Amino acid sequence: GRCTACGCLPQQHVPALAAGYDPQSDEQVASRSVYDASLLPPTKRAARHKASADAAYCSGNFRSAYEGYTAALEATPDDAVLLANRCQAYLRVGRPALARADAASAVHLRPGWSKAHYRLGTCLARLEDHDGAIQAFERACELEPAAADGRKALEEARKAAKAARRLEAELEAARLATTERQAQDLKSEAEWEARRHAHATGAIADL
């Protein structure tokens, strides 16, 4: 399906009218790059994929969004902003483990960026790692004290951790009560069997 004159695909075709036409010239490559992002340099290729992913995210198409951010990251793998954006898209489709990996990478690349710590805290909270979430949100608040979202998330994480500890204490008390009841039942059964044996051998007259 390629043009016999210049080798372009139909949607990329540029008529070879001028003598000396070179399909690999900068001008022609730039023309074809409108349709083929792989011809762009890494930063421009990442920017094009990011723009597409941003549009998909805003329209609620989160799968296309994280696929677009993935394509952008293939061009610029050390971009913390792209990692944070893909993290958010992963969270919206219920994939918190993948989101946490992206957030942790963003924190590693930009440890002084509050949003990276906030994203990490959100992932850890979703995974019910409340102590880890508290640490991440505390760091986010240290880096950006004026951010209301960070303070609110930190307070919610602390409440969730407190509730989790209370629930664990209740479960432990229930387990202990069950163990004690089982031990008492075993003791009662052993005493009853001993009395039955004693009665059967004539050691006692009455059960």
ask   = If you check 156, 67, which single one turns out to be over 22 Å from residue 49 (Cα atoms) and open to solvent by 20 Å² or more (accessible area, probe 1.4 Å)?
value = 156
note = Only unsatisfied item for residue 60, checking (1) touching a Cys at 6+ places or on another chain (Cβ under 6 Å); (2) on the phi > 0 side of the Ramachandran plot; (3) not charged (D, E, K, R), is (1)
ask   = How many of the residues making up the stretch 102-123 are of a type in the set (Gly, Ala, Ser) and open to solvent by 40 Å² or more (accessible area, probe 1.4 Å)?
value = 3
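Using the structure shown, decide if residue 92 is within 30 Å of residue 41 (Cβ to Cβ), in contact (Cβ under 8 Å) with a residue 24 or more places away in the chain and of a type in the set (D, E, K, R).
On the way: within 30 Å of residue 41 (Cβ to Cβ): no; in contact (Cβ under 8 Å) with a residue 24 or more places away in the chain: yes; of a type in the set (D, E, K, R): yes.
Criteria not met by residue 92.
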request  = Scan (1) under 23 Å from residue 79 (Cβ atoms); (2) surrounded by 12 or more Cβ atoms within 10 Å (Cβ to Cβ); (3) over 17 Å from the mean Cα position of the chain (by Cα) for the single condition residue 99 breaks and write down its number.
outcome  = (3)
query = Is it fair to say residue 126 is more than 23 Å from residue 90 (Cβ to Cβ) and surrounded by 15 or more Cβ atoms within 10 Å (Cβ to Cβ)?
reply = no
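The values are calculated or read from the model by the stated rules, or taken from the named source; none is laboratory data. Here the structure is a predicted model, which is why all the values come from computation and not from measurement. A quick note on method: Cβ atoms are made from the backbone with ideal geometry, for glycine too, and the neighbour counts reach across all protein chains shown. Protein only, heavy atoms only, side chains kept; ligands, DNA and RNA dropped before computing areas. Shrake-Rupley method; radii C 1.70, N 1.55, O 1.52, S 1.80 Å.
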